[in-house]
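**Q** What follows is a single structure, and I will ask about it in a moment.
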Amino acid sequence: MTELLQQMIEAKQLSADDGQLLASEIDSGNRATPESEEDVLRWLADEYELGYHALDGIEPDRELLALFPARVLLKEELLPLERENGSVRIATSRLFATEGIDTLKSLTGLHLEPVLAPSEILNKEIKKQLGIGADTIDELDKETSFEVVEDDDDGDLDAAAEDATIIKFVNQVLKDAIELRASDIHVEPFEDELRIRYRIDGVLQEIPVPAAIKKFQPAIVSRIKILSHLNIAEKRLPQDGRIKLRLDNMDIDVRVSIIPMLHGEAVVMRLLRQDSALRGMDELGMDEGDLAKFQKVLALPHGIALVTGPTGSGKTSTLYTALNAINDAIRKIITIEDPIEYQLKGVNQIGVSEKAGLTFAKGLRAILRHDPDVVLIGEIRDQETGQIAVQASLTGHLVFSTLHTNDAPSAMTRLVDMGVEPYLVASSLEAILAQRLVRVLCEKCKTEDTSAPTLALKERNPQLKDATVYTHVGCPECRTMGYDGRHAIFELMDLSAEVREMILKDCSAGQLRDAARKRGMRTLAEDGWRLVNKGITSPDEVLRVTKDQSMDDNLVT
């Protein structure tokens, strides 16, 4: 008997007799070996004359869902689909685990007709239709002794926040966000609802929650405050805190920001996975030419290399990949960060602590007395930090840091604007790497894009002229988004003698860009078109993250 059949028997998706029957048919050559759970479920549907549903494009019937207790649906993995001829069709992947359907029959008095569906897709749809924590809120809503007190009564609110069901709900939100690879959790209060959104692959996605959650808003926020070691009684001023989590041996640092809004306190939690596996340089996805140039920069004995881009564009990941590549026994590497996002073996890492008085500038001065070869500064934020970084590079250190600018050429003018002397920028800066993250098309559902705008784009863009361009569609595998994961695009500018002279002459970022492009610099958009050419992403994504540049700039001239 195949391993798949054995697993389905253990999960009560398949009976032992049916497993033996199907296995004998496979052995006799009457039936092909099933490659997926879907194959077996379709066979069961034929054998027992039941329906099969792939659960694609289903519309939730809120009135129908309201007839069934959420805790039973979630526990027994059941999803009511529709009413038909006096019966309710209900999706299940466990045909022989009948306890759940029997329980629902006795609770509702309805006739239920099972329909088979794949377990993984079914679980995703149940969460989507019922909302995260539906069983917890359902249970909490029925507890007549539980009341959310007024904001003034902090003692009772503290007790409410420690209620087991509130604790469970907050844990469910955090666990769900981590499993979905979310980078941020937004809890937003409005007049008649509490909205929860996750930022997944750089885009906010609303997460379904039960309507009853609004009445528990103060207790939920208070629970998050308790976890973050914040003042539960303070509701008029912004507060910042941190939560340390561990899930399946993975450490997660959660940065919490709470701000009072019109209808209550809003919460944003940023999830930083400290045990994320670092990639090798060849896994960054850089163009071969840019990768070779970047590796030459890593081999330099001194100078400054900057990585620029907006928050969440992957700057820190790129820098840590670079540090990991040069981390050996003969180099002393020290970093100063806020916060420490990855832990690198063999690298001395310092976390900024504003409360203790350890700022970037103070920490950086101390680092330079610690005999380093390579220094990583989390971010150049002001003139003081910039000047110390320049001095460090001029005294024989290789310095890495980040800066918030739209593109690589703008980084040089930004440093000058901060107050760093142009001659110091020209003599110390070695390379600037701008980057963005574009979403990767879902391999399961992407389809060729033959729309008129895309055909017009291909005519105007030599990089796409002969390429097969794909667009997003959406399927259960990618949560109907059409994208799954992200890929970096880069703009690498190494400083030539001509560019250094232009910095001394106080030339604009546009003039520096033109000079760099004449020497072969590939812009962010041009690197994006490279990924479109390979079928990795769509034109919409490239235009979304490089919209600050004109189309003429995006095209190769």
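**Q** When region 248-268 is examined, which residues are found to be part of a strand (DSSP E or B) and more than 23 Å from TYR320 (Cα to Cα)?
**A** VAL256, SER257, ILE258, ILE259, PRO260, MET261, GLY264, GLU265, ALA266, VAL267, VAL268
**Q** Go through region 237-270 and report how many residues are of a type in the set (Asp, Glu) and surrounded by 15 or more Cβ atoms within 10 Å (Cβ to Cβ).
**A** Residues that pass the stated criteria total 2.
**Q** Another question, if that's okay. Of all residues being part of a helix (DSSP H, G or I) and open to solvent by 50 Å² or more (accessible area, probe 1.4 Å) in region 271-291, which is modelled with the highest pLDDT? Just the residue, please.
**A** Only one residue tops the list, namely GLU288.
**Q** Just one of the numbered conditions (1) at pLDDT 90 or above; (2) surrounded by 20 or more Cβ atoms within 10 Å (Cβ to Cβ) is not true of VAL473; which one?
**A** (2)
**Q** While we're looking at this one, here's another question. Give the number of residues within region 5-31 that are open to solvent by less than 40 Å² (accessible area, probe 1.4 Å) and either modelled with pLDDT under 80 or part of a helix (DSSP H, G or I) (or both).
**A** Here the count works out to 8.
**Q** Shifting gears a bit: Would you mind telling me which numbered condition in (1) out of contact with any helix residue (DSSP H, G or I) (no Cβ under 6 Å at 6 or more places or on another chain); (2) more than 24 Å from TYR320 (Cα to Cα) THR413 fails?
**A** Condition not satisfied by THR413: (1).
**Q** Kindly provide the set of residues from region 74-90 that are without any contact (Cβ under 8 Å) to a residue 60 or more places away in the chain and under 31 Å from the mean Cα position of the chain (by Cα), ordered by number.
**A** Correct list: GLU76, GLU77, LEU78, LEU79, PRO80, LEU81.
**Q** Still on this structure, I have one more. Can you find, within region 425-446, the residue that is nearest to LEU495 (Cα to Cα) among those that are in contact with a Leu (Cβ under 8 Å, 6 or more places away or on another chain) and either surrounded by fewer than 20 Cβ atoms within 10 Å (Cβ to Cβ) or of a type in the set (Asp, Glu) (or both)?
**A** Per the stated criteria, the residue is GLU430.
**Q** Going through region 214-232 one residue at a time, which ones are open to solvent by less than 40 Å² (accessible area, probe 1.4 Å) and within 30 Å of ARG486 (Cβ to Cβ)?
**A** Taking region 214-232 first, the residues open to solvent by less than 40 Å² (accessible area, probe 1.4 Å) are 216-225, 228, 230, 232.
The answer is ILE220, ILE224, SER228.
**Q** Right, here's the next one. Consider ALA45 carefully, then state whether it is small (Gly, Ala, Ser), within 30 Å of VAL209 (Cβ to Cβ), at pLDDT 80 or above and open to solvent by less than 70 Å² (accessible area, probe 1.4 Å).
**A** The answer is no for ALA45.
**Q** I've got another one for you. For ILE536, work out the one condition from (1) closer than 14 Å to PRO409 by Cα; (2) open to solvent by 30 Å² or more (accessible area, probe 1.4 Å); (3) outside any helix (DSSP H, G or I); (4) not hydroxyl-bearing (Ser, Thr, Tyr) it doesn't fulfil.
**A** Here ILE536 clears every test but (1).
**Q** With respect to the numbered conditions (1) more than 27 Å from ARG331 (Cβ to Cβ); (2) touching a helix residue (DSSP H, G or I) at 6+ places or on another chain (Cβ under 8 Å), which one is the sole condition not fulfilled by ILE304?
**A** (1)
**Q** Determine which member of the set LEU81, LEU95 is in a strand (DSSP E or B) and either open to solvent by less than 40 Å² (accessible area, probe 1.4 Å) or among the polar types (S, T, N, Q) (or both).
**A** Details: LEU95 fails: in a strand (DSSP E or B).
None of the others qualify; the one that does is LEU81.
**Q** Related question: Which residues, counting only those in region 313-348, are polar (S, T, N, Q), assigned to a helix (DSSP H, G or I), in contact with a strand residue (DSSP E or B) (Cβ under 9 Å, 6 or more places away or on another chain) and free of Cβ contacts under 8 Å to residues at least 60 places away in the same chain?
**A** Matches in region 313-348: SER317 only.
The values are calculated or read from the model by the stated rules, or taken from the named source; none is laboratory data. Computed from a predicted model, the values in this text were never measured in an experiment. Note that each Cβ is placed from the backbone with ideal geometry, even for glycine, and that neighbours are counted across all protein chains shown. With ligands, DNA and RNA removed, areas are computed over all heavy atoms of the protein, side chains included. Shrake-Rupley method; radii C 1.70, N 1.55, O 1.52, S 1.80 Å.
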